[in-house]
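The values are calculated or read from the model by the stated rules, or taken from the named source; none is laboratory data. Everything quoted here is computed from the prediction, not taken from an experiment. When we count neighbours, we look across all protein chains shown, and the Cβ atoms used for this are built from the backbone with ideal geometry, even at glycine.
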Amino acid sequence: MTRLVLFDIDGTLLSGGPAKGAFETALRQVFGTAGPIEGHPFAGKTDPQIARELLRLAGFGDGEIEAGLPAVWEVYLSELETRLSTWPMTVLPGVPEVLDRLAQEGMALGLLTGNIFSGARLKLTSAKLWHYFPVGAFGSDHEAREKLTPVALERARRYWGVAFSPRDAVVVGDTPRDVACGRWGGTRTVGVATGHHTPRELVEAGADEVLEDMADVGAALAAILGD
Ligand SMILES: [Mg+2]
């Protein structure tokens, strides 16, 4: 049976890039401040969650935040697109090979990311990886990452016509939040320590398998497919 492999983006498939600066510019243009953005942890959170946290810390109420967010995303996406043209994302080691092999073996590939949809598309397009992922669940679908697994499963069902159960799916990500998201949704989970978290932290979060990175394509495939 085909399995559904759901990848996080930042720290898992890609690293670097100009997104944080674009996000900061957008918050400043719309709200006049980016709050305490320096040192604020972004890893594993959805874009709307990060924006809300920073703006609450800057003293804004939820009504004001809701009203301003559409303009924030508009500026963010425009800034991101411009900046990516000269500062593309870095593809992490082994990633294209792992995606090729999974596709060759008939696996269904999707995204499970805190990025808003258009941000995910811009980042992955800059890295020439967007075409691997016909479906996904995004930060623009739900502010709470743990709510995204059922969204991804439903989109996969509609796209492939296969009723994937959580047991047929695996979430691959670089943070304890990715692991928690997969566990909450009932999937297997693979932690990859190419972001800001150590293998130990990912094990402690309950990941079924943990990789230092995906440079060893055979090891990565074995961990992802669970065989
Ligand atoms: Mg990540």
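Restrict the check to the range 199-214 and report whether at least one residue is of a type in the set (Val, Ile, Thr) and under 22 Å from Gly106 (Cα atoms).
No, the conditions are met nowhere in the range 199-214.
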Quick check: is even one residue across the range 148-157 part of a loop (DSSP other than H, G, I, E, B) and modelled with pLDDT of 95 or more? no
From the residues in the range 174-223 that are acidic (Asp, Glu) and surrounded by fewer than 21 Cβ atoms within 10 Å (Cβ to Cβ), which one is nearest to Ile9 (Cα to Cα)? Asp213
Out of the residues in the range 1-34 meeting the condition of being more than 18 Å from Thr113 (Cα to Cα) and among the β-branched types (Val, Ile, Thr), tell me which one is modelled with the lowest pLDDT. Thr2
Are any residues in the range 1-18 within 16 Å of the ligand (Cβ to nearest atom) and within 24 Å of Pro134 (Cβ to Cβ), and if so, which ones? Val5, Leu6, Phe7, Asp8, Ile9, Asp10, Gly11, Thr12, Leu13, Leu14, Ser15, Gly17
Residues Leu54, Leu80: which one is part of a helix (DSSP H, G or I) and within 20 Å of Thr175 (Cβ to Cβ)? Leu54
Taking Leu124, is it in contact (Cβ under 8 Å) with a residue 60 or more places away in the chain, hydrophobic (A, V, I, L, M, F, W, C) and within 16 Å of the ligand (Cβ to nearest atom)? yes
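Would you call Phe138 within 14 Å of the ligand (Cβ to nearest atom) and of a type in the set (A, V, I, L, M, F, W, C)?
So Phe138 fits the description; yes.
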The one condition Gly21 fails out of (1) surrounded by fewer than 20 Cβ atoms within 10 Å (Cβ to Cβ); (2) within 16 Å of the ligand (Cβ to nearest atom); (3) not in a loop (DSSP other than H, G, I, E, B) is (2)
Going residue by residue through the range 110-119, is there one that turns out to be within 13 Å of the chain's Cα centre (by Cα), without any contact (Cβ under 8 Å) to a residue 60 or more places away in the chain and in a helix (DSSP H, G or I)? yes
With aromatic (Phe, Trp, Tyr), buried (at least 20 other Cβ atoms within 10 Å of the Cβ) and under 25 Å from Lys20 (Cβ atoms) as the only criterion, which of Phe117, Phe164, Phe138 stands out? Phe138
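Output the residue which, of all residues in the range 178-227 that are of a type in the set (Asp, Glu) and outside any loop (DSSP other than H, G, I, E, B), is nearest to the chain's Cα centre (by Cα).
Among those that are of a type in the set (Asp, Glu) and outside any loop (DSSP other than H, G, I, E, B), it is Asp178.
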Could you check how many residues of the range 24-40 are in a helix (DSSP H, G or I) and under 23 Å from the mean Cα position of the chain (by Cα)? 4
Would you confirm, using the coordinates I've provided, whether Thr12 is buried (at least 16 other Cβ atoms within 10 Å of the Cβ), assigned to a loop (DSSP other than H, G, I, E, B) and in the same structural domain as His142 (by TED's automatic domain parsing)? yes
Looking at Leu92, Leu112, Leu77, Leu69, which one is within 23 Å of Val162 (Cβ to Cβ) and buried (at least 17 other Cβ atoms within 10 Å of the Cβ)? Leu112
Is at least one residue of the range 163-182 of a type in the set (Asp, Glu), touching a residue at least 60 places away in the same chain (Cβ under 8 Å) and either within 18 Å of Leu4 (Cβ to Cβ) or in contact with a Phe, Trp or Tyr (Cβ under 9 Å, 6 or more places away or on another chain) (or both)? yes
What residue, among those in the range 35-66 that are modelled with pLDDT under 95 and within 16 Å of the ligand (Cβ to nearest atom), is farthest from Ala180 (Cα to Cα)? His40
